[in-house]
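> Structure incoming, see below.
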Amino acid sequence: MKRAIFLFVGATVVLGFCAAAASAQTLKAVKDRGSLLCGVSQGLPGFSNPDDKGNWTGFDVDFCRAVAAAIFDDPKKAKFVPLDANERFKELQSRKVDILSRNSTWSMSRETSYDLYFPAVAYYDGEGFMLPGSRKIDSALDLNGSKICVQDATTTKLNLADYFKANNMKYEEMKFARLEEVVKAYNEGKCDTFTADISQLYALRLNLAKPGDHVILPDVISKEPLAPVVRQRDDDWMMIVKWTLYAMINAEELGITSKNIDEALKSKKPDVMRLVGTEGAYGEELGLPKDWAARIIRHVGNYGEMYDRNVGAGSKLQIPRGLNQLWSAGGIQYAPPIR
């Protein structure tokens, strides 16, 4: 019996070690391949959207390019793999992609059930409602009896049920497997209300036949912390992804942009020197060069630059910064210091 127990424990330890070792090869695999494979949405303006030539743009796309810039000093080394909501986590698990940067909500069950990590929140969002302005509704509490289009197998569907139950209201659910099917049904008038993350609603409204005829209610019915996703048991890779975002947020706090990065490299301010790599060995501790953060800022910009050009004031979406403003400017975007 003791021998059997010993063999079982030994085998378990060996298998666990092998699994950890296999998972910890992501950075090496990326370097050996010469490119970073990013799982993105199948087309969401402002976040990840290809043009007719296959060129991708968006907030989530730029974040992937920032990771590629940190590793290769070349944002073009990021390659994009469009994934459906239903398949995204399984495709990450099966190593079809190295990272998900795909408007995915961080939740407990997704970490525990799929064996994944959500390193840090890139975009604070929340679920909302869009409907024709002709309905003359200005509060979600007036949606009782509505026919609502929603994407299946998402936290959106669960939040919708919770909200209506909590407020003792009824609704008719029109669920569809794919986002494009939800948009099509709403555009064709098969439902009178569309629910999704507010950022998605702003983006999808641009593609409707008459965008100006539709309003997005001010109500936010859930917390939707959108984050990049990586596999568990690969802490080195998780650290690179997490600190790529934190470097961009810290850069905005310090006023370092893609336009003044060369001047920042000459700075004698300790916090700036640590960020750009002229002091300390923070890059090496991540398995990257000293100038890893400077590469990110030079090629992609700081967090504010990434936000503004894709979804904010410099974009068609014009989504207010809101919670995504820096903590020092009234929002909750906050990065631990590099020191």
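Taken together, the values in this text are just the output of simple stated rules run on the coordinates, not laboratory data. Note that this is a predicted model, so its numbers are computed, not measured. So basically every Cβ, Gly included, is an ideal-geometry build from the backbone, and we count neighbours across all protein chains shown.
> GNM on the chain, C-alpha springs below 10 Å: top fluctuator among Val230, Val67, Val272?
Val272
> Could you compute the longest span of the chain free of GluC sites (Glu not before Pro) located in DSSP loops and having at most 13 other Cβ atoms within 10 Å, not counting the site residues?
That would be 189-339.
> Under Stokes-Einstein, with the Kirkwood radius over Cα pairs standing in for Rh, what whole-number D in µm²/s applies to the chain at 4 °C and 1.567 mPa s?
60 µm²/s
> How big, on average over all directions, is the shadow cast by the Cα convex hull of the stretch 33-152, in nm²?
It is 10.0 nm².
> What does DSSP give for the chain in terms of the percent of beta bridges that are antiparallel, rounded to the nearest 5?
Expressed as a percentage, antiparallel bridges in the chain total about 50.
> Still on this structure: Looking at the chain as a GNM with Cα springs under 10 Å, which of Ile297, Ile71, Ile261 has the largest mean-square fluctuation?
Ile261
> On to the next question. What is the extension gain from Gln232 to Leu206, computed as 0.36 nm multiplied by their sequence separation minus the C-alpha to C-alpha distance, in nm to one decimal?
5.7 nm
> Could you give P(r) for the stretch 262-314, binned at 10 Å from zero, as whole percent values over all Cα-Cα pairs?
Distribution as computed: 25, 44, 25, 6 percent.
> Mind listing which trypsin sites (Lys or Arg not before Pro) in the stretch 280-329 are in a DSSP loop and have 10 or fewer other Cβ atoms within 10 Å?
Qualifying residues, ordered by number: none.
> Which trypsin sites (Lys or Arg not before Pro) does the stretch 93-147 hold that lie in a coil by DSSP with at most 10 other beta carbons within 10 Å?
Lys136
> Add +1 for every Lys or Arg and -1 for every Asp or Glu among the other residues with Cβ under 15 Å from the Cβ of Met239, and state the total.
After counting each charged neighbour, the total is -2.
> Measure up Lys28/Lys90; Lys96/Lys242; Lys79/Lys147; Lys210/Lys242 against 30 Å on the Cα-Cα distance and list the ones that go over.
From Lys28/Lys90; Lys96/Lys242; Lys79/Lys147; Lys210/Lys242, over 30 Å: Lys79/Lys147; Lys210/Lys242.
> Please give the charge dipole size of the chain, origin at the Cα centre, charges +1 on K and R Cβ atoms and -1 on D and E Cβ atoms. Round to the nearest 20 debye.
Charge dipole of the chain: 640 debye, to the nearest 20.
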